[in-house]
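Report on one structure; see the data block that follows.
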Amino acid sequence: MKPLEKLFLGSAIVASIFLAMIFLLFALQKQGILPVAVFGDNAWQAQQQETETKETKIKGVPIGEVPTKKPEKEGASTDSIVEKSTENGENQEQMSETADVNKETTVPAVVLPVPEPETEADPYPYYIKVNKKQNCVTIYQKDAAGEYTIPIKAMVCSTGYATPLGVFGSKGKYVMKGLIHGVFGQYSTWITGNILFHSVPSARATKDSVSVRNYNQLGTTASAGCIRLTVADAKWIYDNCEIGTLIEIYEGEEVGPLGKPEAIKLPDGSKWDPTDPDPENPWHEHQPSITVEKEKMLYFGEEWTPYEDIEALDTCGNDITQKVEIVGEVDCYQPGSYLVRFTVTDAVRKTAEAECTYIVLPIPVQEKETSE
């Protein structure tokens, strides 16, 4: 073998031995037999930490947290234990701080309100009582105990001698119903037999053919047995009282807890019920009125008679002066100015208002008469 070949072979053998020693030292250090300081830097430590971080992430533990494992033996501590040792003198407390900083937080769950179960609407919120003797209807609703004891509405009606007494459940509804004698009733509710609630009869199956004579009999015993109502009241029962609603017909001396409403009187030639909500009803254009002077002089000691100073008419032109309410007083023995307000509400629930300023002069009545 030539000297050059021997030199090359020897160098290769030395290099192989050197590399083998390096790999051996790496292996010993990885096993913890040799300290990291053998190499004089932290390169291998950084690489080892990166490797452990990747392994920890694969295991499902967040980066930076101290991995824990369950005790293998019964009775072992439930506290977390560190899997890797810190023989190189690392500060255990520092690792704990790092873990606290990077620890994942649990987001509080969103608490949605639990919807309350829907309560089924009461199919029969009302009870109807008809006082046949007084020709008055009173509507009752339930109290806290579920009893029909609370009166909420009163209606004027016309019953008949053939109107039966007793308690009945309504059986049907009709917007326009043919009646005996070839007439028709709006918003009819079938009570029993051939007895119904319905509006004052019309000559035809139209709204503009109401019987004025029958309408002006409301509040008296005048029907053939059915219970006649204004259109507004018949429609209220039709709209609000389901089929099956109980209707009690009785005879009582007392009208009812809410009293008996008054029915408006129709003038001759009328064709519509003033209470009918139909937009075509011409009575919608009419209003009650109060006629009074804006200013009136009174002399010292003169009698104040306000109802003689005013005239009030309802929607249909009937005189309702005596129903006017007066707000204010006039002292005819104290000269001065007095503002008086007048208000009135007619039978179809329309209202009128007016004002008058009374001026009491200091001249006595006797001097006034003498000067005249």
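The values are calculated or read from the model by the stated rules, or taken from the named source; none is laboratory data. Just so it is clear, the model here is predicted, and its values are computed rather than measured. Please note: Cβ atoms are built from the backbone with ideal geometry, for glycine as well, and neighbour counts cover all protein chains shown.
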message: Residue pairs, Cβ under 8 Å, 6 or more apart or interchain, first in the range 245-263 and of a type in the set (Ser, Thr, Tyr), second surrounded by fewer than 18 Cβ atoms within 10 Å (Cβ to Cβ). List them.
response: Thr245/Tyr124; Thr245/Gly169; Tyr250/Leu165
Count of residues meeting criterion [in contact with a Phe, Trp or Tyr (Cβ under 7 Å, 6 or more places away or on another chain), outside any loop (DSSP other than H, G, I, E, B) and either of a type in the set (Gly, Ala, Ser) or within 26 Å of Gln322 (Cβ to Cβ) (or both)] in the range 255-289: 1
Out of Tyr161, Tyr174, sole residue that is over 32 Å from the mean Cα position of the chain (by Cα), over 20 Å from Ile264 (Cα atoms) and aromatic (Phe, Trp, Tyr): Tyr161
field: Condition check for Ile191: without any contact (Cβ under 8 Å) to a residue 12 or more places away in the chain, closer than 24 Å to Glu253 by Cα and not polar (S, T, N, Q)
entry: no
- prompt: Do any residues in the range 314-337 that are surrounded by 13 or more Cβ atoms within 10 Å (Cβ to Cβ) have Cβ atoms under 7 Å from those of residues that are part of a loop (DSSP other than H, G, I, E, B) and aromatic (Phe, Trp, Tyr), where the two are at least six apart or on different chains, and which pairs are they?
  reply: Val330/Trp304; Cys332/Trp304
- line: Scanning the range 284-310 residue by residue, those farther than 14 Å from Glu355 by Cβ and loosely packed, with under 15 Cβ neighbours inside 10 Å turn out to be Glu285, Gln287, Met297, Gly301, Glu303, Thr305, Tyr307, Glu308
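Rundown of residues vs (1) within 35 Å of the chain's Cα centre (by Cα); (2) under 30 Å from Val156 (Cβ atoms); (3) modelled with pLDDT under 95, yes/no style:
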| site | (1), (2), (3) |
| --- | --- |
| His284 | yes, yes, no |
| Ser289 | no, yes, no |
| Gly301 | no, no, yes |
| Ile320 | no, yes, no |
| Tyr338 | no, no, no |
| Lys350 | yes, yes, no |
| Glu353 | yes, yes, no |
- prompt: Among the residues of the range 225-248, is any in contact with a helix residue (DSSP H, G or I) (Cβ under 8 Å, 6 or more places away or on another chain) and acidic (Asp, Glu)?
  reply: no
statement: Residue pairs within 7 Å by beta carbon, gap of at least six or interchain, first lying in the range 200-217 and over 9 Å from Gly185 (Cα atoms) and of a type in the set (Ser, Thr, Tyr), second assigned to a strand (DSSP E or B) and at pLDDT 95 or above, listed first then second, are Ser209/Ser202; Ser211/Ser202
